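Below is one structure; the comments refer to it alone.
The values are calculated or read from the model by the stated rules, or taken from the named source; none is laboratory data. Nothing here was measured: the structure is a model prediction, and the numbers come from that model. Please note: Cβ atoms are built from the backbone with ideal geometry, for glycine as well, and neighbour counts cover all protein chains shown. Accessible surface is based on the protein model in full, side chains and every heavy atom, while ligands, DNA and RNA are left aside. Shrake-Rupley method; radii C 1.70, N 1.55, O 1.52, S 1.80 Å.
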Amino acid sequence: MSKDYLSVMPEDFSDFGLSQPILKAIDQSGYTEPTPIQTQMIPSVMEGRDVIGQAQTGTGKTAAFALPLLNGLRQKKKASPQILVLAPTRELALQVADSFKKYGTYINNLKVLAIYGGEEYSGQLRQLSKGVNIVVGTPGRVMDHIRRGSLKLDTIQSFILDEADEMLKMGFLEDVEWILEQAPQQKQIALFSATMPSSIRRIAATHLHDPVEITIRSKTATASTINQKFLITNGMNAKKEALGRILEVSETDGVLTFVRTKMQTVELAEFLTELGYQAAPLNGDIPQNQRLRTVEQLKSGKIDILVATDVAARGLDVERVSHVINFDIPFDTESYIHRIGRTGRAGRTGEAILLLAPREKSMLKSIERASRRKIEMMHMPSVNEVNKKRIEAYKSRITKTLTEDCSFFDDLIRDYCSETEASVEQVAAALAKLVQGNSPMLLEEKKYERREKRERKQPVGGRNNRRSSGRSDEGMERYRIAVGESHGVKPGNIVGAIANEVDMDSEYIGRISIYDEYSTVDLPAGMPRQLMKVLHNARINGRMMKLSREGEKSSGSERFGNRKNGGKPRRSNPKTSRKPRTASAV
Ligand code: AMP
């Protein structure tokens, strides 16, 4: 183990001097350790310095500016805008506004408003006139409000340009400069950009005062001895299932699994222990001497899997680590490179597997760029593969036991066979059953996978594929999704995506048929429009599901735009409709 590992203590949010309400909200968000950009940026923003952050989404950059700015917010009787964030898209504006709201949960009367184009002015005008503390907006709409006089910038203390290079690409730069000029001279500016083209540099040089520059980037390439793969999974349960199957089908020695939070290290280690692995958590809350003992146990083979956070695994050097599994994607490419560098050591080869949600795919590109290696896509090991491995492992356990002294049992079985005339095979099978107990030896195909096999025969490759012949069960309706066999979709992906996206219990997900270019799935009849919208936009294997009722045309997102009928589903049958249990959560 390197000295580095011994000397590094985890940093903590409480070290920054943030107020109690903010620390409480951080705690509630489940964040236990600041990300690299947060560690570096929060102190400077708290001091009131201008900052430039060269970092992209996924690094924790929003909290890096939102937390210290919320900390410095001065509440007055009537709220006036003190923080203005400009973001290139409506999605980012909403996301940033939500983050401010989340981190400001315990700040009394905090008013955060997102303003963006494509939405009526009336609501935004009403909110602005009532008074807001923080405005997050897209440049065009912010400009409009300034011109109308509905947004006044004279009280602005902090100005954030988020994803400046994206704003440049979208042609917003002139607007951004115009807005900057309307704000008071005396203001703090934070500029974020994944890249630093010259026009962004020029804005920084013109408007920022002696900025602190923080770059979250990666220079180190990864070793050729590490074989890198990624697997698309969505949601906690799917990730756990994937991890379990990967561990079963892979020839592993020591395994390091990375998660984002301390709590998750404990949860996942418990999950793995339940599966029968020797697993332990490694996080900054565990006393140093115990951490050292855990690492020693990994070295000696007493433990096979460590579940760690980045900070806790810093400098860890254990030769027998054959696999690094990124259960959660790291916050920056440097962390990724650092994480996977824990394998493929001392001339050995290693495997690095990244579990990735479809929405995290953009991060994959950055990682590939930084590690200068292609990361291959892998598929979830199938039930068959897992079972083949289980049988192989079982047989090799028999072979191994045969090399040991079994003479006592040998005599016992011989006696038994002559007394009962049972064959040796029969006795062996009975003993195997005895040893196995009640838990099944093989992984079972899920119901929907069996169903899929029966149903797929006909549709896939057939001529008349346009519609499925069968009718859906009562209370259910047939829906079509734009992802099929040719996109590598499996029933498990469909069930997983639906169950995770709208928190629908899998018992409400009925028959699934997979065709070449699309699939059909039976779901509760008369699904609420909001639910359908979520499923329309959700992705499977990186492709939009574009869910629509079978027979109805899905014409993209406008299908879910403001409709005159008040947004009710076109065909809903209240009598037969079975609402998913948790539908109200969406
Ligand atoms: P961002 O780069 O700001 O888009 O953040 C990426 C994701 O990381 C968001 O989902 C945040 O909620 C999450 N996040 C930010 N900071 C932390 C932290 N210190 N610990 C765990 N998650 C975090």
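A few notes on this one:
- Counting only helices (runs of 4 or more DSSP H) that sit completely within region 346-436, those holding 3 or more residues that are farther than 24 Å from G276 by Cα and of a type in the set (D, E) correspond to 407-420.
- Among (1) open to solvent by less than 10 Å² (accessible area, probe 1.4 Å); (2) more than 19 Å from M263 (Cβ to Cβ); (3) part of a strand (DSSP E or B) - the single one Y336 does not satisfy: (3)
- Failed criterion for M167 (all others in (1) without any contact (Cβ under 8 Å) to a residue 60 or more places away in the chain; (2) part of a helix (DSSP H, G or I) hold): (1)
- Filtered by the rule that a residue be in contact with a Lys or Arg (Cβ under 9 Å, 6 or more places away or on another chain) and open to solvent by 40 Å² or more (accessible area, probe 1.4 Å), region 156-181 gives a lone residue, Q157.
- Residue check for V132: under 13 Å from A66 (Cβ atoms) and of a type in the set (V, I, T): no
- Looking at M41, M46, just one residue is open to solvent by less than 20 Å² (accessible area, probe 1.4 Å) and either more than 8 Å from the ligand (Cβ to nearest atom) or assigned to a loop (DSSP other than H, G, I, E, B) (or both), and that residue is M41.
- For the residues Q56, Q127, the requirement of being surrounded by fewer than 24 Cβ atoms within 10 Å (Cβ to Cβ), in the same structural domain as T195 (by TED's automatic domain parsing) and within 15 Å of the ligand (Cβ to nearest atom) singles out Q56.
- Test: residue in region 123-133 that is under 30 Å from S14 (Cβ atoms), modelled with pLDDT of 95 or more and among the aliphatic types (A, V, I, L, M): yes
- Test: residue in region 462-484 that is aromatic (F, W, Y) and at pLDDT below 90: no
Yes/no matrix, rows are residues, columns are (1) open to solvent by 20 Å² or more (accessible area, probe 1.4 Å); (2) touching a Leu at 6+ places or on another chain (Cβ under 7 Å); (3) within 16 Å of the ligand (Cβ to nearest atom):
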residue: D304; (1), (2), (3): yes, no, no
residue: I325; (1), (2), (3): no, yes, no
residue: F331; (1), (2), (3): yes, no, yes
residue: I340; (1), (2), (3): no, no, no
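- Residue in region 94-111 that is within 16 Å of the ligand (Cβ to nearest atom) and touching a Phe, Trp or Tyr at 6+ places or on another chain (Cβ under 7 Å) present: no
- L18 being assigned by TED's automatic domain parsing to the domain that holds L173, more than 11 Å from the ligand (Cβ to nearest atom), on the phi < 0 side of the Ramachandran plot and part of a loop (DSSP other than H, G, I, E, B): yes
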